[in-house]
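The values are calculated or read from the model by the stated rules, or taken from the named source; none is laboratory data. Everything numeric in this text was worked out from a predicted model, so none of it was measured. All Cβ positions, glycine included, derive from the backbone under ideal geometry; neighbour counts span all protein chains shown.
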Amino acid sequence: MNAPIRIDFNRPVLVGKEMEYIAEAVQNGHLSGDGPFTKKCNAVFEEELGVRKALLTTSCTHALEMMAILLDIQPGDEVIIPDFTFVSTVNAFVLRGARPVFIDVHPDTLNLDENQLEPLITPHTKAVVPVHYAGVGCEMDAILEVTNRCGVRVVEDNAHGLFATYKGKYLGTFGAMAAQSFHETKNFSCGEGGALLINDPALVERAEIIREKGTNRSRFFRGQVDKYSWVDIGSSYLPSDLLAAFLYGQLEQRVRIQGHRQALWQTYQAGLQDWAARKGVQLPTVPVHTEQAYHMFYMLLPDLETRQRLILYLRERGIYSVFHYLPLHLSDMGRRFGYGAGDYPVTERVSDRLIRLPFHNGLSHNDQEQVIEALLNFDI
């Protein structure tokens, strides 16, 4: 009897020298933060993306929290954030006392609707946070035109979009800062990890201090001061060099990883587009002026009932698919800020209908074909 298939939504895999580098990190005798592999990872981002400074962090959440501190967010400030995003995007600013001002998303790319941006800006607006959903770039030209004219900072949540571009320029290089994620579900992973990319040189020195528990320890190790001490607020945002070693093994294989993910995405697109058109299912939209990161493949089903039925149908066949974000404005916290049902209709519709298909660095062609075959036989 054949064993039942199991096709996971996500599964971490080794793609290069991750384990060899972990052993090397141990031999180096430096397992704490800012060791040799941390520096190598930072160098990849600085050299490949052209950012002024990259600082590996313990998570994307912590990179976002560093952003909020660097922006000097105070109680009463407002930060404009898409309603369709992960809670870390908003929590980082609420922790500093900001009021979140949500903005609805486009029904095609699921990125924030830049046409709704300017009316939301007030004298209290401190920042706008574009989230590049699924690694597809937001309309940064239009966003920056509004924010530059209104004197508002832009900081990017680029958790999905490392090495993707908008009009030929890397995501994460448009705003004053950007946050990256190396969570287990991302293209490049160390289990838990992140990075803060800094494009504004005026923020670099303070970012190093905040990341080092509010001390000028980085200047001490560079020989710029003869001792280090507490000079600002901060926390411990440095990941272990063991994690950096694993991540560096993945970053070395970035061309191979991205090539595999591109092939997966294109196979889903080609295999499902005719079926989707017949069944009223919406597949991802990628504008021609963007080069996506191939972070995920999602579909928008006709309604919530169909989405839930499809998840169960696939699960019964050993295929694990998942939905995604719930609308932030409908959460308990969102309601505490005065939001309610109907405030962001596109997000509400998208959240009810979205399903993400298995998509990871170890997904085989055979497994993917089984997913496609199951979908083609699903009765909508």
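Take the conditions in contact with a His (Cβ under 9 Å, 6 or more places away or on another chain) and part of a loop (DSSP other than H, G, I, E, B) and apply them to Gly97. Does it pass? Taking the combined requirement at face value, the residue does not satisfy it. Residues of the range 206-235 that are closer than 30 Å to Ser189 by Cβ and in a helix (DSSP H, G or I): Arg206, Ala207, Glu208, Ile209, Ile210, Arg211, Arg217, Ser218, Phe221.
The residues on offer are Thr89, Thr85, Thr58, Thr109, and the sole one that is surrounded by 19 or more Cβ atoms within 10 Å (Cβ to Cβ), more than 24 Å from Pro345 (Cβ to Cβ) and among the β-branched types (Val, Ile, Thr) is Thr58. From the list Arg261, Arg211, Arg222, the one residue that fits, being on the phi < 0 side of the Ramachandran plot and without any contact (Cβ under 8 Å) to a residue 60 or more places away in the chain, is Arg222.
Yes/no per residue for (1) touching a helix residue (DSSP H, G or I) at 6+ places or on another chain (Cβ under 8 Å); (2) among the β-branched types (Val, Ile, Thr):
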position	(1), (2)
Leu197	yes, no
Leu243	no, no
Leu264	yes, no
Tyr268	yes, no
Val281	yes, yes
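Determine whether Leu64 is closer than 12 Å to Ala179 by Cβ, assigned to a helix (DSSP H, G or I) and modelled with pLDDT of 95 or more. Criteria met by Leu64.
Filtered by the rule that a residue be part of a helix (DSSP H, G or I) and not β-branched (Val, Ile, Thr), the range 251-263 gives Leu251, Arg254, Arg256, Gln258, Gly259, His260, Arg261, Gln262, Ala263. Of the residues making up the range 301-323, those that are without any contact (Cβ under 8 Å) to a residue 60 or more places away in the chain and under 30 Å from Ile81 (Cα atoms) are Asp303, Leu304, Glu305, Arg307, Gln308, Ile311, Phe323. Among the listed residues Leu196, Leu238, Leu203, identify the single one that is assigned to a helix (DSSP H, G or I) and crowded, with 19+ Cβ neighbours inside 10 Å. Leu203 is the lone residue from the list that is assigned to a helix (DSSP H, G or I) and crowded, with 19+ Cβ neighbours inside 10 Å. Of all the residues in the range 1-38, those that are without any contact (Cβ under 8 Å) to a residue 40 or more places away in the chain and either surrounded by 15 or more Cβ atoms within 10 Å (Cβ to Cβ) or among the polar types (S, T, N, Q) (or both) number 2.
Evaluate the range 351-366: report whether one residue or more is more than 29 Å from Pro100 (Cα to Cα), in contact with a Lys or Arg (Cβ under 6 Å, 6 or more places away or on another chain), buried (at least 18 other Cβ atoms within 10 Å of the Cβ) and modelled with pLDDT of 95 or more. Yes, the range 351-366 contains at least one residue that is more than 29 Å from Pro100 (Cα to Cα), in contact with a Lys or Arg (Cβ under 6 Å, 6 or more places away or on another chain), buried (at least 18 other Cβ atoms within 10 Å of the Cβ) and modelled with pLDDT of 95 or more. Consider the range 120-141 and keep the residues that are assigned to a helix (DSSP H, G or I) and within 12 Å of the chain's Cα centre (by Cα). The one that is surrounded by the most Cβ atoms within 10 Å (Cβ to Cβ) is Tyr133. If you check Glu46 against the conditions, is it surrounded by fewer than 24 Cβ atoms within 10 Å (Cβ to Cβ), in a helix (DSSP H, G or I) and either under 22 Å from the mean Cα position of the chain (by Cα) or free of Cβ contacts under 8 Å to residues at least 40 places away in the same chain (or both)? When the stated conditions are applied, Glu46 passes them. Number of residues in the range 68-87 that are free of Cβ contacts under 8 Å to residues at least 40 places away in the same chain and within 18 Å of the chain's Cα centre (by Cα): the value is 1.
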